[in-house]
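Below you'll find the structure, written out as structure tokens, and then a few comments.
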Amino acid sequence: MSDRTIQLKPVMNPVENARGLPNEHYTSDQVFDLEKRTVLFANWTGIGFGKDIPEPGDAKPVTFLGVPLLMVRDHDGNVNVFQNTCRHRGMILVDKPKNIKRIIRCPYHSWCYDLNGDLKTTPHVGGPGQNTHANICPEELGLFTIRSYLWHDVVFVNIDGTMQDFEISHQELMSRWKEFDQPHFHGGPESSFTLEVNTNWKLAVENYCESYHLPWVHPGLNSYSRLEDHYHIEQRDTYSGQGTLVYQQLTDTDNNVFADFEGLSARWDKGAEYIAVYPNVLLGVHRDHLFGIVLEPISKDKTREQIELYYAQKPDDDLQRRQHRTENAKLWKTVFEEDIFVVEGMQRGRYGEQFDGGRFSPAMDSPTHNFHHWVASQVTRGEP
Amino acid sequence: MTPEELNDALVLAHQNADLNSDSLHPLVNLYHQAFTLNFPENPVAAYFYLTNAYVYALDSNHESTEQLESILRDAGRL
Ligand code: FES
Ligand SMILES: [Fe+2]
């Protein structure tokens, strides 16, 4: 057995006698780098949201863990992701969000790519005014396409290209939430916020998928959502989280609620679910709104969270409805901000050298353990 | 426009070009003029300028894109 497999063996135990991931998974640059390749590049990882490129031709550059990517909406409304690197001399193609009318023109020598990444023209490549050359074959020089999949408006990518299709990898979750496969509309500028947190990205996942902390960290939520009204959600190797049985819709000053998504079954009347889609996407579904969070790992102890809220109806200019959505976003922002001191505190706690990964509550911590088990299996994949 | 005036106008047009694709339209027109000024006496310079006009036309989806493309194609330059 490899040293790492031996070291992570206790993580793979059943929750009753498992330990959490060792400190170095939170405090070491080397392990951050190892997880980058084996966990974040080798799976379906969230890099952003379709709402940031709403119109055909909209392009947004995203540097994810150092990799320059470009999200583009093509003329059929599909989202494509390319490596944001010119095939000529490796120049960054698009520096700022912009609308691309027709082609992506490299700012260096103006090689031009269409919205499908095909190399369209190579000015002066054969000398001044000669735009072809026998040795330059445009068919071979399209942009590198990164496999991508848009689900609940999250742009998922598989950077190393080794994963099975998203629809196969996430078959179970897609069918669990099939009822929410219907149009949902971003709530507008107030329904969008980001948080910068001094923690390892995994601690944000771990905190999100457990309900054990609710009474202590979210006392406001606890007044209507008690611990016993929650259940665990665990799917080996793909996701985990929690559900509630007592979701209460937010009312506005006239007692209006948000419109429901269409045709939901009765389980969603008071039910809501919060799931961490491994590795780094946190989703929440309710009868009247959804939210998505993409965790961007910046370094071993820094994470940026982008949070976006969606509704069943297209937002309009009605002031009251807008305030209602703002109120809802504020509510969630408060909840997520309440979590900051714990994810930052757990990060600092992991510099305590005696900490051994910690012991889980077999009754309360199994969604977290499920995640650790998965991470351990990913970093030791292929090792004896 | 004299070649010198055209050159100055091109420098200025490049300075004014930004992310807004309409800002590229003057470049399309000026390079097209530079083509006309040089063709047929100096085909190398002429097709050099026409190529530039075409690239900026593509980038900004200028109405002349197809026309420029077919001139270049007919001349065996694409
Ligand atoms: S590096 Fe892009 S055209 Fe030369
Ligand atoms: Fe929380």
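The values are calculated or read from the model by the stated rules, or taken from the named source; none is laboratory data. These numbers come from a predicted model, not from an experiment. In this analysis, Cβ positions are derived from the backbone assuming ideal geometry, glycine residues included, and neighbour counts consider all displayed protein chains. Just so you know, the surface numbers come from the protein's heavy atoms only, side chains and all, with ligands and any DNA or RNA stripped out. Shrake-Rupley method; radii C 1.70, N 1.55, O 1.52, S 1.80 Å.
Quick look at the values:
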| quantity | calculated |
| --- | --- |
| Total residues in region B:14-36, condition open to solvent by 70 Å² or more (accessible area, probe 1.4 Å) and either free of Cβ contacts under 8 Å to residues at least 24 places away in the same chain or more than 14 Å from every other protein chain (Cβ to nearest Cβ) (or both) | 9 |
| Residue tally, condition surrounded by fewer than 16 Cβ atoms within 10 Å (Cβ to Cβ) and closer than 16 Å to A:ILE146 by Cβ, over region A:75-89 | 1 |
| In region A:176-206, the residues that are in a helix (DSSP H, G or I), closer than 22 Å to A:ALA272 by Cα and under 15 Å from the mean Cα position of the chain (by Cα) | A:ALA204, A:VAL205, A:GLU206 |
| In region A:103-132, the residues that are over 23 Å from A:ILE146 (Cβ atoms) and either at pLDDT below 95 or more than 11 Å from ligand 1 (Cβ to nearest atom) (or both) | A:GLY126, A:GLY127, A:PRO128, A:GLY129, A:GLN130, A:ASN131, A:THR132 |
| Selection from region A:63-92 of residues that are among the hydrophobic types (A, V, I, L, M, F, W, C), within 16 Å of ligand 1 (Cβ to nearest atom) and either out of contact with any Lys or Arg (no Cβ under 8 Å at 6 or more places or on another chain) or not assigned by TED's automatic domain parsing to the domain that holds A:LEU143 (or both) | A:PHE82, A:CYS86, A:MET91, A:ILE92 |
| Set A:GLN323, A:GLN378, A:GLN306: member being away from ligand 2 (no atom under 16 Å from the Cβ), in a helix (DSSP H, G or I), within 23 Å of the chain's Cα centre (by Cα) and not hydroxyl-bearing (Ser, Thr, Tyr) | A:GLN378 |
| Residue within region A:264-273 that is closer than 21 Å to A:TYR26 by Cβ, within 18 Å of the chain's Cα centre (by Cα) and either at pLDDT below 95 or open to solvent by less than 10 Å² (accessible area, probe 1.4 Å) (or both) present | no |
| Cβ pairs under 6 Å, 6+ apart, first in region B:1-13 and more than 13 Å from B:PHE35 (Cβ to Cβ), second surrounded by 13 or more Cβ atoms within 10 Å (Cβ to Cβ) | B:ALA9/B:LEU30; B:ALA13/B:PRO26; B:ALA13/B:LEU27; B:ALA13/B:LEU30 |
| Criterion: touching a helix residue (DSSP H, G or I) at 6+ places or on another chain (Cβ under 6 Å), away from chain B (no Cβ under 14 Å) and touching a residue at least 60 places away in the same chain (Cβ under 8 Å) - qualifying residue of A:VAL154, A:VAL67, A:VAL79 | A:VAL79 |
| Any hit, region A:142-155, residues being within 28 Å of B:LEU24 (Cα to Cα), away from ligand 2 (no atom under 16 Å from the Cβ) and surrounded by 15 or more Cβ atoms within 10 Å (Cβ to Cβ) | yes |
| Count of residues meeting criterion [under 20 Å from the mean Cα position of the chain (by Cα) and farther than 30 Å from A:GLU167 by Cα] in region A:223-262 | 0 |
